[in-house]
Amino acid sequence: MTLHVANLCKRLGATQALDDVSFDHDVGVLAILGENGAGKSTLLQILVGLIRPDSGVVTLAGRDVATARRSLGFVPEAADPLPFLSVYELLSLVATVKAAPLMDDAIDSLGLRPLLDQRIGTLSLGQRRRACLAAALTGLPWLLVLDEPTNGLDADGVETLARTLERHVAGGGTAVVATHDLAFCERVARRTLRLRAGKIV
């Protein structure tokens, strides 16, 4: 399976957020590096079909991402889904949408078992990130897309995230991760791309 990105352009207001971005990715973790405003979050939102590019193409195994969403798992930077739901209700909702079972392995490996009855809105940022990651892993997607996933995580949380990505890759999956965390990038990434003002440099 291959993620194919060709000639993506996207303007947000007066800003050219992406300018002719192209790459292919199929194995391991790809880290997207860049300063704030470089276009990383815009790129990730296009990869998972949340916004459409002005021009260019994104395909997953030759299919438009809009028709391949069961092969995708996404954790946005904000990590603030439906704060009135409990962790269990969030994971159950995602499992229902994806027609997949609850991911007991992910619940346990991410330390969520004691938090299942707590509402998302009462959790710390790190706990919300772990809940969102468990939701993204539901249905065993091939591609994980993570936006600044180490924000709000302590050292143990970063280590848990790294091990989760390593298990995902060992199981045949891949990931695209936008991050400022160079140490985390060195730990998990097979390759890197750097964005500057919407261009790959």
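Laboratory data are not the source of any read-out in this text; all were calculated from the coordinates shown. Here the structure is a predicted model, which means the values were calculated and not measured. Using ideal geometry, Cβ is built from the backbone for each residue, glycine included, and neighbour counts are taken over all protein chains shown.
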**Within the chain, helix-based [θ] at 222 nm, where runs of 4 or more DSSP H residues each add -39,500 (n - 2.57), nearest 500** = -9000 deg cm²/dmol
**Partner lysines for Lys40 [C-alpha distance under 24 Å; skip if fewer than 8 residues away on the same chain]** = Lys10, Lys199
**Message:** Along the charge dipole of the chain, pointing to its positive end and built from +1/-1 on Cβ of Lys, Arg, Asp and Glu, which listed residue (Val94, Met1, Val158) has its Cα farthest out?
**Reply:** Met1
**Request:** Please figure out what share of the DSSP beta bridges in the chain is antiparallel and state it in percent, rounded to the nearest 5.
**Result:** 50 percent
**Complete:** Expected sort for Met103, Met1 with the fewest Cβ neighbours (10 Å cutoff) up front is Met1, Met103
**Request:** Would you give the gap between the C-alpha center of the range 14-36 and the C-alpha center of the range 90-138, rounded to a whole Å?
**Result:** 28 Å
**Asked** If you plug each phi of the range 95-105 into the Karplus form 6.51 cos²θ - 1.76 cosθ + 1.60 with θ = phi - 60°, what whole-Hz ³J(HN,Hα) values come out, in order, with x for Gly and Pro?
**Response** 4, 5, 4, 8, 6, 9, x, 4, 8, 4, 4
**Asked** Modelled label-to-label distance, Phe84 and Ala6, 7 Å Cα→beta-carbon offset: nm?
**Response** 4.5 nm
**Prompt:** Just one of [x] 33, 17, 15; [y] 24, 20, 16; [z] 27, 18, 17 is semi-axes √(5λ) of the Cα gyration tensor in Å as worked out from the coordinates here. Which one is it?
**Reply:** [z]
**Request:** Order the peptides 153-160, 132-139 from the highest to the lowest mean number of other Cβ atoms within 10 Å of their residues.
**Result:** 132-139, 153-160
**Asked** If we sort 51-57, 39-45 on the protection proxy, mean other Cβ atoms within 10 Å, highest first, what's the order?
**Response** 39-45, 51-57
**Item:** Proximal charge balance of Met103 [Cβ under 13 Å; K/R count +1, D/E count -1]
**Value:** +1
**Request:** Report the net charge of residues surrounding Gly152, where surrounding means a beta-carbon distance below 13 angstrom and charges are Lys +1, Arg +1, Asp -1, Glu -1.
**Result:** -4
**Request:** Among Val65, Leu146, Ala136, flag the residue with its Cα farthest along the positive direction of the charge dipole of the chain, charges on Cβ as +1 for Lys/Arg and -1 for Asp/Glu.
**Result:** Val65
**Asked** So what are the radius of gyration and Dmax for the Cα set of the range 17-134, in Å?
**Response** 16.1, 46
